[in-house]
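K.L.:
Let me begin by handing over the structure; questions about it come next.
The values are calculated or read from the model by the stated rules, or taken from the named source; none is laboratory data. In this text the structure is predicted, and so the values were computed from the model without any measurement. In this analysis, Cβ positions are derived from the backbone assuming ideal geometry, glycine residues included, and neighbour counts consider all displayed protein chains. Each accessible area value is taken on the protein alone, full model and side chains, heavy atoms only, with ligands, DNA and RNA left out. Shrake-Rupley method; radii C 1.70, N 1.55, O 1.52, S 1.80 Å.
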Amino acid sequence: MAGGVWGRGRVAPVGGLTLTALAEGIQGIQGQPLGSPSEDPQPDLAAEPGCAGATHTAGSVPCSPPSAQEPAPEGPSQVQALVCGLLSQVPSLAEGRPRRAALRVLSALALDHARDVVCALLPCSLPPDRPALTLPLAHTSRTAAELWRSLSRNQRVNGQVLVQLLWALKGAAGLQLDALAATHALGEMLTVSGCVGATRGFYPHLLLVLVTQLHKLAQGPRTPDSPKVWGPSHRGPPHSHASCAVEALKALLTGDGSRMVVTCMEQAGGWRRLVGAHTHLEGVLLLASAMVAHADHHLRGLFADLLPRLRSPDYAQRLTAMAFFTGLLQSRPTARLLREEAILERLRAWQGDPEPTVRWLGLLGLGHLALNRGKVRHVGTLLPALLGALGEGDTRLVGAALGALRRLLLRPRAPVRLLSSELRPRLPPLLDDARDSVRASAVGLLGTLVRRGRGGLRLGLRGPLRKLVLQSLVPLLLRLHDSSRDAAESSEWTLARCDQALRWGLLEEMVTVAHYDSPEALSRVCHRLVSQGTPAPVHLLQPLLLPQALLSQVQQYPSCVPTFLSQTQGYLRSPQGPLRRAAAVLIGFLAHHTSPSCVSQDLLDSLMQDLGQLQSDPEPAVVSAAHVSAQQVALLARTLEPPHTSRLLSLHLLARLARLGTLTHQGHSASPARPLPVYTDSPFQRRSLADRWGCLGAS
């Protein structure tokens, strides 16, 4: 090639190269020794049309060292020049034979010099619609994408090129533009049908590298062109580094026949979570779950590749591996690759980590283990960690523990009695937790516990579960009016389980209470509860239905009446207006149907004091309900023996009640049967099923 384009005497601009000259250059590189790069003049890539304006020089992208299979290139600068020549020539070539010939030239060059081809193409491989790119660079980027796809179609070289791109991506730590170019190139190659087959042998490694890269991007500083919000209604995120990684992941999964994994992630919002700074690990868990369900042929390789990463000093790599490890424990065959004792030991060690995220992943892993059959001997190991996490301040930890306990109950031969004893002091406080998700999960756990223990409840066993149900009855009824729909629906479901297990016969009434103001339902309940069996008049059928489901329990459990009243009293100070009103109404009905022998004057005094404080409540409906219930408490107090009526029923209080109309025609004498309390319609209560699910019909 003394007189050719690579001769020392004539270095023509790369943009002027012809296909013949490119072919001669390739032949020279493959068959003839060329001058050392230090001796030959270097082409000025910054001035060449194909690579002009690159943000960094070609070859700056980290590539792998030459492998034993790939001979060390004798002229890397010539390879770069040839590639840049192709970048400038291909756009001007017509579709068909000339264009295919140029692309074959690239494949022939990559066959022996894959590393140099990758290093030459990457500086021109940033996404074409990236805002920082000028128009010429955007055109060059589109041409580079076409060259990557052409390499992907050649089965002789696509595997080598993918490996080099993987090396480039791993070696670009801290170099955002280099990593972005490599990710975009991977995405372009993986979109070509059949290319994913070339990843056999390093598919798990490639998948984990892409997912880990998303974690680093989510935790790193945001660039000006990074999307602030990726709405769930969007087909995908705006073009950014994260979106390139997501698209590469989708292409990797789809090309392998795992389209269902992509679909599941889309339906569950998994892709959106993967790119979120605070939700990335949730996205990893969703991805692992989807792969367990629809791509189990890769689980062994993933599991083996994850184990060394669990001890990685790189924070993002370690946490991503932990999340994947946790999610893969849902697969029983995969979990059997390690001894159960080894898995438990690892998860228990995570419980001692100072990082709450690590403890959270450990709890999720314990929950997945609880689903597997034949692990009864490990309950003693699982329970202390799960029960201890119920007192954590981190919502994720409490939610994970509640979920794991529920899974434990779903397992055959679940230790219902043991869990009932352990949860009795721990679960009731969580029913009133300030966090919506914790309340809903705690109520759901109670329902699952009742469903599994319904046999003993039906036999009338007075064990810890029965006591727990009675202790939770008032919170469940009041939480039907929770501002959180999840908590309200969970309470409805759990009350139905309690009704079934304890045979209360109030299922229809409870469902009606949860959704409607129904005079008919109230009439049926009152018919059961009124001693004469006479339904109440129609004008009395307007009160809130909430407490009626509890009134039969007053008759069945008279010793629990003080507890019911005291629990209800606590909700009078709830920050939620619907709960304050519901509690006031419940106190009124309890007072109306309670025998005087079941309550003390001290309790009635306390109730009157708190109901009196509600007279200044900002919600008119709460004020009205408290007024009616105070009358019922006063009437109950008047039925007590005279020695017990010396405190609140003073002349001052009697005068006040007289002004309210309570003691008209009665004075101080013993009253006849106490009238049923009548409450105005609640502005909080009326809820149709359509409104509950956000599916409002036409007005």
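K.L.:
Give the residue that is surrounded by the most Cβ atoms within 10 Å (Cβ to Cβ), with candidates limited to residues of segment 587-615 that are small (Gly, Ala, Ser) and assigned to a helix (DSSP H, G or I).
P.N.:
Gly588
K.L.:
While we're on this one: List every residue pair whose Cβ atoms lie under 6 Å apart, where the two residues are 6 or more positions apart in sequence or sit on different chains, the first residue falls within segment 333-350 and is assigned to a helix (DSSP H, G or I), and the second residue, located anywhere, is not β-branched (Val, Ile, Thr).
P.N.:
Listed pairs, sorted by first residue: Thr334/Leu299; Thr334/Phe303; Thr334/Leu328; Ala335/Leu329; Leu347/Gly362; Leu347/Gly365; Leu347/Leu366; Trp350/Gly362.
K.L.:
In segment 558-584, how many residues are of a type in the set (D, E, K, R) and either more than 25 Å from Asp681 (Cβ to Cβ) or in contact with a Ser or Thr (Cβ under 8 Å, 6 or more places away or on another chain) (or both)?
P.N.:
The total comes to 2.
K.L.:
Go through (1) at pLDDT below 90; (2) surrounded by fewer than 24 Cβ atoms within 10 Å (Cβ to Cβ) for Cys195 and report which single condition fails.
P.N.:
(2)
K.L.:
Still on this structure: Look at Gln330 and say whether it is within 18 Å of Val246 (Cα to Cα) and in contact (Cβ under 8 Å) with a residue 40 or more places away in the chain.
P.N.:
Working: within 18 Å of Val246 (Cα to Cα): no; in contact (Cβ under 8 Å) with a residue 40 or more places away in the chain: yes.
Taking the combined requirement at face value, the residue does not satisfy it.
K.L.:
Only one of Ala521, Ala501 is in contact with a helix residue (DSSP H, G or I) (Cβ under 6 Å, 6 or more places away or on another chain), open to solvent by less than 40 Å² (accessible area, probe 1.4 Å) and either at pLDDT below 75 or within 21 Å of Val678 (Cα to Cα) (or both); which?
P.N.:
Unique residue meeting the criteria: Ala521.
K.L.:
Separate question: For the structure I just gave you, tell me whether Ala120 is crowded, with 24+ Cβ neighbours inside 10 Å, outside any loop (DSSP other than H, G, I, E, B) and either free of Cβ contacts under 8 Å to residues at least 40 places away in the same chain or over 31 Å from the mean Cα position of the chain (by Cα) (or both). Reasoning before the result, please.
P.N.:
Details: crowded, with 24+ Cβ neighbours inside 10 Å: yes; outside any loop (DSSP other than H, G, I, E, B): yes; either free of Cβ contacts under 8 Å to residues at least 40 places away in the same chain or over 31 Å from the mean Cα position of the chain (by Cα) (or both): yes.
Here the answer is yes, as Ala120 does meet what is asked.
K.L.:
Give the residue that is nearest to Ala248 (Cα to Cα), with candidates limited to residues of segment 213-224 that are open to solvent by 10 Å² or more (accessible area, probe 1.4 Å) and either charged (D, E, K, R) or at pLDDT 90 or above (or both).
P.N.:
Selected residue: Gln213.
K.L.:
Also, quick follow-up: State whether one or more residues within segment 434-451 are modelled with pLDDT of 90 or more and out of contact with any helix residue (DSSP H, G or I) (no Cβ under 7 Å at 6 or more places or on another chain).
P.N.:
Yes, there is a match, as at least one residue in segment 434-451 is modelled with pLDDT of 90 or more and out of contact with any helix residue (DSSP H, G or I) (no Cβ under 7 Å at 6 or more places or on another chain).
K.L.:
Of Ala440, Ala488, Ala496, which residue is open to solvent by 10 Å² or more (accessible area, probe 1.4 Å), in a helix (DSSP H, G or I) and touching an Asp or Glu at 6+ places or on another chain (Cβ under 6 Å)?
P.N.:
On the way: Ala488 fails: open to solvent by 10 Å² or more (accessible area, probe 1.4 Å); Ala496 fails: touching an Asp or Glu at 6+ places or on another chain (Cβ under 6 Å).
That would be Ala440, the only listed residue that is open to solvent by 10 Å² or more (accessible area, probe 1.4 Å), in a helix (DSSP H, G or I) and touching an Asp or Glu at 6+ places or on another chain (Cβ under 6 Å).
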